[in-house]
Amino acid sequence: MPENSIKINSIGFSYQQASDIRKPLFCKFNMELPASRVSVILGPSGCGKTTLLNLINGLLIPDKGEIIGASGNTSVLFQEPRLLPWRTVRRNIEIVLNKHMGSEQSRATAEYYLQLVGLVDSADFFPSQLSGGMRQRVAIARAFAYPADTILMDEPFQALDLGLKINLTNLFTKLWVEDRRTSIFVTHDINEAILLGDEIFVFSDERPVQIIEKITNPEPHAERSLESRNSMEIEKKLYRLLS
Amino acid sequence: MKGFTSKFEKHLIGVASTAVLILIWKLVSLRIGTDIILPAPETVLLRLEALVTGLDFWMAVGATVLRTVYGLALSFVLGFSAGIASGVSRRVDAMLSPLVSVTRTVPVMSLILLAMIWFKTDLVPVFVCVLMIFPILTANVKQGVAGVDRKLIEFSVVYKLSRREALREIIIPSVVPFVLGGLRSSIGVGWKVVIAAEVLAQPVRAIGTGLQFSQMNLETAEVLGWTVMAVVLSWLSEGILDVIIKRIRPEASVNA
């Protein structure tokens, strides 16, 4: 395994609420997310996918066990773009860079990633002046521009219509192929899992969460399509597992 | 087109209702027949005209404007900082809340009388204005901090923005509309409080002093003349603030 894979070692976690008498979400949970690949976590809503991401990015702390390799340095692509409404597109990207590089380099980096997502002409617009898809593209640019080893994605395309979803999936692939950062993509959409995942981890519906299957997709990202025989086979398998 | 018509209509109705009010004033003053009790509108206007030609009048108006501006500016700074501090930290909130609730309930007149014991007459109106307005702004800002989008805070944590950056990039921009709204709704109170304090404290130059002096001489037309001036000032300041608020609208502040 490459050295900066993310190892989740026997973690336990439950939300500490008196009303929550259910079993803990995670109990002695182990997982290894390989470096420089896209790992997809596929599972039904409420199974603990988002919680796992928040444990990896440090928003939540596990009750037991440890997570090695994320080093608290992660980019996150949220379900919503989460841009600052009072800052321009350009500033929204520069803000996360300022701490890591000089202002001139921040500007150049922001410009570079805006170019990649095709929004350089909208750099001085405010988020409210963009469409939903454009805003999520800014968020993608921001996630890649931020100098993190790991990119976490929490159903980032869920709220978009099918055309935009495909568009943004392709955009992500294009950026990722150039710059293969360790990526974790959480979704409940089988097609997204097939198009993006190198490894697909299927989570169970019960508590505590179990990994019920791990599927490796050998097909190179650039050649993937939902119609290929490989994709169809994975799809069939996933349907069986999830139903 | 429809918007224009209704706006025009609104203005027309406003002008008409003002005219009706002035007409009623005129009729009542005719019925009473004594200028000491209620002078006719045109008498007030003539008196005001005589007032505005004097330098003393403008010095008084200028002094009152300065006091109000000082009072509001100081309240703004204090209210903004106290509001943010108590919105961010429960401890500060617990510390400030007795002060805020006391100043909110103390009668204005007690404040004025106490301030007259403690301060020079020129400062009394400023002090009272600050004590009246700053708790309102503090409450507004605190509410603004509470309303900051949690998702943006989460974003700032994940992307490791420093506390200062989070304050500058997320909390302050979210709160600015609240503090301006609070200022907008308290600016009228500010004028009233300043002038009330002036009436009692009697600084050398002040609209309040002018009011008091005219009242003692039973110059009712002059009392009303000063009053008209105070109302005009209040309207003007509200108008100016409206323009500023429009300018500061988040989407308009590119590199603020």
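The values are calculated or read from the model by the stated rules, or taken from the named source; none is laboratory data. It should be emphasised that the depicted structure is a prediction, and the values quoted were computed from it without experimental measurement. Using ideal geometry, Cβ is built from the backbone for each residue, glycine included, and neighbour counts are taken over all protein chains shown.
Being over 22 Å from the mean Cα position of the chain (by Cα) and either surrounded by 13 or more Cβ atoms within 10 Å (Cβ to Cβ) or among the acidic types (Asp, Glu) (or both) is the filter here; which residues of the stretch B:90-118 pass it? Reasoning before the result, please.
Here is the first cut: in the stretch B:90-118, the residues over 22 Å from the mean Cα position of the chain (by Cα) are B:90-98, B:117-118.
Of everything in the stretch B:90-118, those that are over 22 Å from the mean Cα position of the chain (by Cα) and either surrounded by 13 or more Cβ atoms within 10 Å (Cβ to Cβ) or among the acidic types (Asp, Glu) (or both) turn out to be B:Val92, B:Asp93, B:Met95, B:Leu96, B:Ser97.
For the stretch A:98-121, check the following and say yes or no: at least one residue is hydrophobic (A, V, I, L, M, F, W, C) and at the interface with another protein chain (Cβ under 7 Å from one of its Cβ atoms). For the stretch A:98-121, residues hydrophobic (A, V, I, L, M, F, W, C) and at the interface with another protein chain (Cβ under 7 Å from one of its Cβ atoms): absent.
Yes/no per residue for (1) without any contact (Cβ under 8 Å) to a residue 60 or more places away in the chain; (2) more than 12 Å from chain A (Cβ to nearest Cβ); (3) in contact with a Cys (Cβ under 8 Å, 6 or more places away or on another chain):
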residue	(1), (2), (3)
B:Val145	no, yes, no
B:Arg150	yes, no, no
B:Ile153	yes, no, no
B:Ser162	yes, no, no
B:Glu169	yes, no, no
B:Gly188	yes, yes, no
B:Val199	yes, yes, no
B:Pro203	no, yes, no
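Scanning the stretch B:1-45 for residues that are surrounded by 12 or more Cβ atoms within 10 Å (Cβ to Cβ), in a helix (DSSP H, G or I) and of a type in the set (Asp, Glu) returns a single hit, B:Glu42. Going residue by residue through the stretch B:46-61, is there one that turns out to be of a type in the set (S, T, N, Q), in a helix (DSSP H, G or I) and modelled with pLDDT of 90 or more? Within the stretch B:46-61, not a single residue is of a type in the set (S, T, N, Q), in a helix (DSSP H, G or I) and modelled with pLDDT of 90 or more.
Checking every residue in the stretch A:151-160 against the condition of being part of a helix (DSSP H, G or I) and in contact with a helix residue (DSSP H, G or I) (Cβ under 6 Å, 6 or more places away or on another chain) gives zero matches.
Name the one entry in A:Pro85, A:Pro62, A:Pro127 that is within 30 Å of A:Asn30 (Cβ to Cβ) and not aliphatic (A, V, I, L, M). Write out each step before concluding.
Numbers: A:Pro85 fails: within 30 Å of A:Asn30 (Cβ to Cβ); A:Pro127 fails: within 30 Å of A:Asn30 (Cβ to Cβ).
Answer to the selection: A:Pro62.
Applying the set (1) surrounded by fewer than 20 Cβ atoms within 10 Å (Cβ to Cβ); (2) over 15 Å from the mean Cα position of the chain (by Cα) to B:Ser185 leaves exactly one unmet item: (2).
Scan the stretch A:136-162 for residues that are farther than 26 Å from A:Gly58 by Cα and out of contact with any Gly (no Cβ under 9 Å at 6 or more places or on another chain) and report the count.
To start, the set of residues in the stretch A:136-162 that are farther than 26 Å from A:Gly58 by Cα comprises A:160-162.
Narrowing further to those that are out of contact with any Gly (no Cβ under 9 Å at 6 or more places or on another chain): A:162.
Here the count works out to 1.
The number of residues in the stretch A:86-107 being assigned to a helix (DSSP H, G or I) and either surrounded by 14 or more Cβ atoms within 10 Å (Cβ to Cβ) or within 20 Å of the chain's Cα centre (by Cα) (or both) comes to 11. Taken over the stretch A:114-150, the residue count meeting the criterion of being crowded, with 18+ Cβ neighbours inside 10 Å, over 30 Å from A:Ile68 (Cβ atoms) and among the polar types (S, T, N, Q) is 2. Among the conditions (1) more than 24 Å from the chain's Cα centre (by Cα); (2) part of a loop (DSSP other than H, G, I, E, B); (3) acidic (Asp, Glu), B:Asp122 misses just one, which is (1). Checking each residue in the stretch A:25-81 for being within 14 Å of another protein chain (Cβ to nearest Cβ), buried (at least 22 other Cβ atoms within 10 Å of the Cβ) and part of a loop (DSSP other than H, G, I, E, B) picks out A:Ala70, A:Pro81.
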